[in-house]
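The values are calculated or read from the model by the stated rules, or taken from the named source; none is laboratory data. Because the structure is predicted, anything quoted here is derived from the model rather than measured. We place every Cβ from the backbone using ideal geometry, glycine too, and count neighbours over all the protein chains shown. What goes into the accessible areas is simple: the full protein's heavy atoms, side chains included, and nothing from ligands, DNA or RNA. Shrake-Rupley method; radii C 1.70, N 1.55, O 1.52, S 1.80 Å.
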Amino acid sequence: MLEVSYKGDYIRGEHGSYDNHSAYLGNLDFKLTLAGEKAFSIPGSSVFIYLLHNHGGRVDERMGTQQGVNNIEVPARPGKLHQLWWQQQFMDDKLSLLGGLYDLNSEFYVTESAAVFLHPSFGIGTDLSQTGANGPSIFPTSGLGFRVRAQITGRSYGQVVVLDAVPGNPNKPKGLRFRLSSGEGALWAGELGYRAGDQQHSEKVLTKLALGAWSYSKKADDLSEIDGDGNPVKRDNQGFYVLAEHQLFKHEAGRRLMGSVHYGVANKDVNPVKDALTLAFVLESPCASRPDDVLGFGIARVRLGQKAQDLALAAGDPVVRHETAYEITYRAKINDWLNIQPEFQYIKTQSNREREKDIIVGLRLEINLAW
């Protein structure tokens, strides 16, 4: 199956650091899934190829928020190969092995209903996305990895992945690098979870609970402490997360309310953000005349560690203690291939100087085609 999608976001600041500024961002995706039995005569196998291209402004860079404001903004704007992996399933699909270029957030740290939001923290939490010399293996830069997933019971699962700790090339963000190096180390992640799906629509989650943990094999530099030789003290770079998602109610007409929460913790000695929390409510089919529309309200909050605050104070920068973002969005399905989605974000930052408030409004145009 071939899927082509385009997201175009117009964002305008109405108050705060982005006041009276606007930007347009775009994201073009090509996704090809090949069934191995038909393409290669190998039952239980599949191949996935994902190309992307991004363009447009840099709102996150200008605002300087801790979490960002838009989930398709990238630091560099090249076209690139994002994912390329082979998956082999065994034991009636109860066990699967996957290897290749892999996006950690495609299966780990995911609350499915929260995907409607444009704020990036409703994808993977900032506690994990902030880590690594070039970020973890997530959008827009993935690295080589190997994942094992097992269906423990009908509804419970376990999965483990090991990934290149430095995906891509930090010195050439427009380039593509396939490299596994003992000097750079690896990123390990594991997740145990429970997932119950709708009997009529198995792709729709009714309840999901998960506990995950991650760790880099190579120690990271402490943010401020040094040893007797004047070198940064080395610390473990690791953390954990918990998430829950549940159908709060469902109406006979198809209207249902999903609630989700995830909370993650990172080592505050080597990372600026010590923990991250999101809470989201998503109402599907908000009115009978619009059965495919979605209304969402979400809150994303991060707290910074003391060492990160001390560094900002020493540099004469605002000492951010915590940042909270509120988002309201409505995705209107116009037809089978077109969605239009307005959004409103209110971002409040607590620092040693003042309570900073940012307000932005946006509009997403999304086109999805599949063959």
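Quick look at the numbers
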{"item": "Every residue from region 91-126 that is outside any loop (DSSP other than H, G, I, E, B), over 23 Å from GLY362 (Cβ atoms) and either out of contact with any Leu (no Cβ under 6 Å at 6 or more places or on another chain) or among the β-branched types (Val, Ile, Thr) (or both)", "result": "LEU95, SER96, LEU97, LEU98, GLY99, TYR102, LEU104, SER106"}
{"item": "Identity of the residue in region 257-280, among the hydroxyl-bearing types (Ser, Thr, Tyr) and either outside any strand (DSSP E or B) or in contact with a helix residue (DSSP H, G or I) (Cβ under 6 Å, 6 or more places away or on another chain) (or both), that ends up surrounded by the most Cβ atoms within 10 Å (Cβ to Cβ)", "result": "THR278"}
{"item": "Region 298-340: number of residues that are assigned to a strand (DSSP E or B) and either modelled with pLDDT of 95 or more or open to solvent by 40 Å² or more (accessible area, probe 1.4 Å) (or both)", "result": "23"}
{"item": "Test: residue in region 128-143 that is part of a strand (DSSP E or B) and either closer than 30 Å to GLU327 by Cα or at pLDDT 95 or above (or both)", "result": "yes"}
{"item": "Where a residue in region 329-345 is under 15 Å from ASP292 (Cβ atoms) and touching a residue at least 60 places away in the same chain (Cβ under 8 Å) and its partner, wherever it lies, is of a type in the set (Val, Ile, Thr) and part of a strand (DSSP E or B), with Cβ under 8 Å and at least six apart", "result": "ARG331/VAL294; ARG331/ILE340; GLN341/THR329"}
{"item": "Filter result for SER5 (under 18 Å from SER106 (Cα atoms), of a type in the set (Gly, Ala, Ser) and in contact (Cβ under 8 Å) with a residue 60 or more places away in the chain)", "result": "yes"}
{"item": "Output for region 196-215, where each listed residue is open to solvent by 20 Å² or more (accessible area, probe 1.4 Å) and at pLDDT 95 or above", "result": "THR207, LEU209, LEU211, ALA213, SER215"}
{"item": "Qualifying positions in region 285-321 - touching a helix residue (DSSP H, G or I) at 6+ places or on another chain (Cβ under 8 Å) and closer than 22 Å to HIS246 by Cα", "result": "VAL294, GLY296, GLY298, ALA300"}
{"item": "Single residue of region 281-295 satisfying the filter (in contact with a Phe, Trp or Tyr (Cβ under 8 Å, 6 or more places away or on another chain) and within 10 Å of ALA332 (Cα to Cα)) that is surrounded by the most Cβ atoms within 10 Å (Cβ to Cβ)", "result": "VAL294"}
{"item": "The one condition in (1) farther than 29 Å from LEU104 by Cβ; (2) of a type in the set (Asp, Glu); (3) within 19 Å of the chain's Cα centre (by Cα) that ASP227 fails to fulfil", "result": "(3)"}
{"item": "Subset of region 115-128 [under 10 Å from ALA300 (Cβ atoms) and in contact with a strand residue (DSSP E or B) (Cβ under 6 Å, 6 or more places away or on another chain)]", "result": "PHE117, HIS119, SER121, PHE122, GLY125, THR126"}
{"item": "Residue satisfying all of: in region 20-38; within 21 Å of MET91 (Cα to Cα) and not basic (Lys, Arg); least open to solvent (accessible area, probe 1.4 Å) among these", "result": "GLY36"}
{"item": "Residue count for region 232-256, restricted to those that are in a loop (DSSP other than H, G, I, E, B) and open to solvent by less than 80 Å² (accessible area, probe 1.4 Å)", "result": "5"}
{"item": "Boolean, ASP9 is within 22 Å of the chain's Cα centre (by Cα) and surrounded by fewer than 19 Cβ atoms within 10 Å (Cβ to Cβ)", "result": "no"}
{"item": "Residue within region 347-369 that is over 26 Å from TYR24 (Cα atoms) and either open to solvent by less than 20 Å² (accessible area, probe 1.4 Å) or assigned to a helix (DSSP H, G or I) (or both) present", "result": "yes"}
